[in-house]
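Asker: This is the structure I have questions about; it appears just below.
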Amino acid sequence: MVKIQTIEKLFSYILEYSYLALFPLLILSKSRNKSLNIVIGFYGLTFFFLLHYFNDIGRSIGQIIQTIYTLLEFCFFTLIFLIIIQKKNVRNLVIIFTVIFIAFQFLYYFISEPQKIDSIPIGVETIFLFFFAFLYFQQFFKHNLSKNIYEYPSFWLVVGILLYLGSAFFFNILANEITKQQFLKYWHYTYIPEILKNLLFGMIVLGYPFKDPEVKQISKPTDIPNLDMDMDMI
Amino acid sequence: MFFLQASTNKVSFVLFLGTVGMVVLTVALIIFIVLHQRRVMKFNRKIQKMEEEQQKILLNASIRLQEEERQRLAADLHDDAGPLLATARLYLNENLVNQDKATQLQSIFQARQIIDDTIQLVRNISHSLMPPTLKNFGLESAINDLFQKISGSGTINASCRFHDYKDRLKEEKELIVFRVVQELINNILKHSSSSFIHLTQNVHGDKFYLRIHHDGRGIVQADFEKLNKSNVGLGLKNITSRLRVVQGTINFEKDISQTYYKVTIELPKDEAFE
């Protein structure tokens, strides 16, 4: 039992510091998309503090923290989608859904009773983010067909979000229906996809794909022999 | 509420099954997207390859046509101009000074006649390369001229009408359009057995249109594309490659009344020719 608790604690630490690591990774970043890196960096920093201090303040103002946690998570993921989706119409649609979600969150906060976790907002958040992922893939197939999808960093971001939300979806929905013992028993399993998501995010901040195949193929015009006239000879 | 009534074990089972199901579903979705994209990419590459092949066929056709044109020119010069000049040279040989005046005059007259014929021949060759009417007066006059000549033969009724050609196309564009029209007319005369050819021109928005109607045997777009992909139909390939240079398109169709064929050339209108 002690051994299990130690492993759970280890997972908890790995998760917390995997969030924190996203911020200093900004310094090592080779990725060209600065705005995306900044969002991921601040996402990591924010959630590190939330997780780190969640247990301390969570008991007294639990419902506020839950609402803020879900809201911030949704907003950061939406920001990522807004950066990686290029088409204006689709971005507008994402913004509309975000406004709807924020309004719903506020409404839910005032009408609901405090619970273990805010299952309903998390469920709605997951459905909305899955919809954004669908919009992203739809846009992707319309415009980007020159390279394999896995060569795009945005794909791995969406994969990370989908895995994280998808694997924790049932747990979040049923969390209020299970006993506290069961809750504590299964809670730590949701850390695995969360850590995986953070690893993928870290990989993007570091500048995945590390070698751009397009850049490799294009040679500079000056490299082609006998193409230009030698000006020194004239 | 089903879950509230269910035993904790049942909830655990549902939780386990649901989580595993969601993970499998998400992973399956990601794999499906990757595989689907690869399939689409493969299909696109295939299309690109086909387009490249088509481009190659067109290029080959254009080179072959150019070579044929050169051969025709060489043959015209060698077979017609060569013998004519050689004959003229015979009339003007060294013995001419020893001949009597009447014979000298006769020889000079003959030689002059031959040289005049040669000049005409060279002019014809030059005109076939670049019609002077087109260069000096533009596409409308050149096509009018061409149609008048065809009509003048008496075998076919050829007419044309330009509705809006105040602003001439660029010189090189005019030449390309003229060559395309020439090729089309040539095909109609050779293969269609039609009794009339009518050409109309108009401008709509930023597009320039030419339409040829004829009542003989013709082809539709599907036939055109088939011929373009095959090894025959050199002239049609040449039309395609010429139109590609000016970002133009061509469309072959049969009129709704099924009585005549229509060939429509569409190309972007450029700024007025100065």
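Asker: Using only helices, what value at 222 nm comes out for the protein assembly as shown when you add -39,500 (n - 2.57) per DSSP H run of length 4 or more and divide by the total residues, to the nearest 500 deg cm²/dmol?
Answerer: Rounded to the nearest 500, the figure is -22500 deg cm²/dmol.
Asker: Same structure, new question: Which value, in debye to the nearest 20, describes the size of the charge dipole of chain B about its Cα centre when Lys and Arg Cβ atoms bear +1, Asp and Glu Cβ atoms bear -1, and nothing else is charged? Provide the component values of the computation, followed by the final result.
Answerer: Details: 35 positive and 31 negative charges, 292 e Å.
Computed about the Cα centre, the dipole is about 1400 debye.
Asker: What does the charge dipole of the protein assembly as shown about its Cα centre add up to, to the nearest 20 debye, if the Cβ of each Lys and Arg holds +1 and the Cβ of each Asp and Glu holds -1?
Answerer: Using only the charged Cβ atoms, the result is roughly 1480 debye.
Asker: Report the trypsin sites (Lys or Arg not before Pro) located in region B:216-274 that are in a DSSP loop and have at most 15 other Cβ atoms inside 10 Å of their Cβ, or state none.
Answerer: In loop regions of region B:216-274 (DSSP not H, G, I, E or B), the sparsely surrounded trypsin sites (Lys or Arg not before Pro) are B:R217.
Asker: Can you give me the long-range amide H partners of B:F208? Hydrogens built in the peptide plane at 1.01 Å from N, cutoff under 5 Å, separation of 5 or more residues or another chain.
Answerer: The answer is B:L267, B:K269.
Asker: If you take the Cα Rg of the protein assembly as shown and divide it by 2.2 N^0.38 Å, with N the number of residues, what do you get?
Answerer: Taking N as the residue count of the protein assembly as shown, the ratio is 1.67.
Asker: I'd like to know which of A:S29, A:G41, A:I68 lies farthest towards the positive end of the charge dipole of region A:2-206, counting +1 on Cβ of Lys and Arg and -1 on Cβ of Asp and Glu.
Answerer: It is A:S29.
Asker: Quick one: compute the contact order of region A:14-139, relative version, from alpha carbon pairs under 8 angstrom and 6+ residues apart, as a percent.
Answerer: 26
Asker: Same structure again: Report the one residue of B:F147, B:G233, B:Y261 whose Cα lies farthest in the direction of the positive end of the charge dipole of region B:130-272 (charges on C-beta: Lys and Arg +1, Asp and Glu -1; origin at the Cα centre).
Answerer: About the Cα centre, the residue reaching furthest to the positive side is B:G233.
Asker: Further question on the same structure: Using Cα pairs under 8 angstrom and six or more residues apart, how large is the relative contact order of region B:2-128, in percent?
Answerer: 21
Asker: Assuming 0.36 nm per residue, please report the length gained on full extension of the stretch B:R64 to B:S195 beyond their Cα-Cα distance.
Answerer: Extending this stretch completely gives an extra 44.0 nm.
Asker: Output the relative contact order of region B:136-274, whole-number percent, from Cα pairs under 8 angstrom with separation of 6+ residues. Please report the intermediate quantities before stating the final value.
Answerer: Details: 216 pairs, mean separation 35.1, N = 139.
RCO, region B:136-274: 25 percent.
Asker: Tell me, what HN-Hα J-couplings in whole Hz come from the Karplus equation 6.51 cos²θ - 1.76 cosθ + 1.60 at θ = phi - 60° for each residue of region A:13-21, using x for Gly and Pro?
Answerer: Calculated HN-Hα couplings, in order: 5, 4, 4, 4, 6, 5, 6, 4, 4 Hz.
Asker: Test of understanding: what is the full-extension gain from B:N186 to B:N93, defined as 0.36 nm times their sequence separation minus their Cα-Cα distance? Show your work: numbers first, answer last.
Answerer: Values: separation 93, 0.36 × 93 = 33.48 nm, distance 4.33 nm.
Going from the current span to full extension adds 29.1 nm.
Asker: Given all pairs of different Cα atoms, what value in angstroms does the Kirkwood hydrodynamic radius of chain B take?
Answerer: Details: mean 1/r = 0.0410 Å⁻¹.
When all Cα pairs of chain B are included, the Kirkwood radius is 24.4 Å.
Asker: So, one more: Just how large is the dipole of region B:2-128 about the Cα centre, in debye to the nearest 20, putting +1 at every Lys and Arg Cβ and -1 at every Asp and Glu Cβ? It would help to have the intermediate numbers written out before the result.
Answerer: Details: 15 positive and 13 negative charges, 281 e Å.
Value, rounded to 20: 1360 debye.
Asker: Please enumerate, by chain and number, the lysines with C-alpha under 30 Å from the C-alpha of B:K10, excluding those fewer than 8 residues away in the same chain.
Answerer: Within the straight-line cut-off, B:K10 pairs with A:K3, A:K9, A:K116, A:K180, A:K185, A:K197.
Asker: Apply the Karplus parameterisation 6.51 cos²θ - 1.76 cosθ + 1.60, with θ equal to phi minus 60°, to every residue of region B:232-239 and state each ³J(HN,Hα) to the nearest whole Hz, in sequence, with x for glycine and proline.
Answerer: Karplus values, whole Hz, x for Gly and Pro: 9, x, 4, x, 5, 5, 5, 4.
Asker: From the gyration tensor of the Cα coordinates in region B:2-128, what semi-axes in whole Å does the equivalent ellipsoid have, largest first, with each one equal to sqrt(5λ)? Show your work: numbers first, answer last.
Answerer: Details: eigenvalues 1809, 20, 5 Å².
One finds semi-axes of 95, 10, 5 Å for region B:2-128.
Asker: Work out how much length B:R123 to B:D76 would gain on full extension: take 0.36 nm times their residue separation and subtract the Cα-Cα distance, in nm to one decimal.
Answerer: That pair, B:R123 and B:D76, stretches by 15.7 nm at full extension.
Asker: Counting C-alpha atoms alone, how compact is region A:2-206: give Rg to one decimal and Dmax as a whole number, in angstrom.
Answerer: Cα radius of gyration and Dmax of region A:2-206 are 17.3, 54 Å respectively.
Asker: Is there a pair in B:K149/B:K229; B:K135/B:K269; B:K46/B:K237; A:K87/B:K207 whose C-alpha atoms are over 24 Å apart, and which pairs would that be?
Answerer: Long pairs (Cα-Cα over 24 Å): B:K149/B:K229; A:K87/B:K207.
Asker: May I pose another question? In square nanometres, what is the average projected area of the Cα convex hull of region B:130-272?
Answerer: 8.5
Asker: Please identify every one of the trypsin sites (Lys or Arg not before Pro) in region B:127-180 that sits in a loop by DSSP and has no more than 13 other beta carbons within 10 Å of its own beta carbon. Don't skip to the end; give the middle numbers.
Answerer: On the way: sites: B:K135, B:K149, B:R161, B:K166, B:R168, B:K170, B:K173, B:R179; in loops: B:K166, B:R168, B:K170.
Counting only loop positions with at most 13 other Cβ atoms within 10 Å, the trypsin sites (Lys or Arg not before Pro) in region B:127-180 are B:K166.
Asker: If R₀ is 25 angstrom, what is the calculated FRET efficiency for the pair A:I27 and A:Q86, using the beta carbon separation as r and rounding to 0.05? Let's see the in-between values first.
Answerer: Working: r = 28 Å, r/R0 = 1.11.
It comes to 0.35.
Asker: 7 Å from Cα along Cα→Cβ at both B:Q247 and A:F110: what's the point-to-point distance in nm?
Answerer: My value for the distance between the label points is 5.7 nm.
Asker: Spelling out what I want: for every residue of region B:90-96, take phi, set θ = phi - 60°, compute 6.51 cos²θ - 1.76 cosθ + 1.60 (Karplus), and round to whole Hz; glycine and proline get x.
Answerer: Using θ = phi - 60°, the values come out as 4, 5, 9, 7, 5, 5, 4 Hz.
Values in this text are rule-based calculations from the coordinates and carry no lab data. Owing to the predicted nature of the structure, the values given are computational and were not obtained by experimental measurement. Cβ coordinates were reconstructed from backbone atoms using ideal geometry, including for glycine residues, and neighbour counts include every protein chain displayed.
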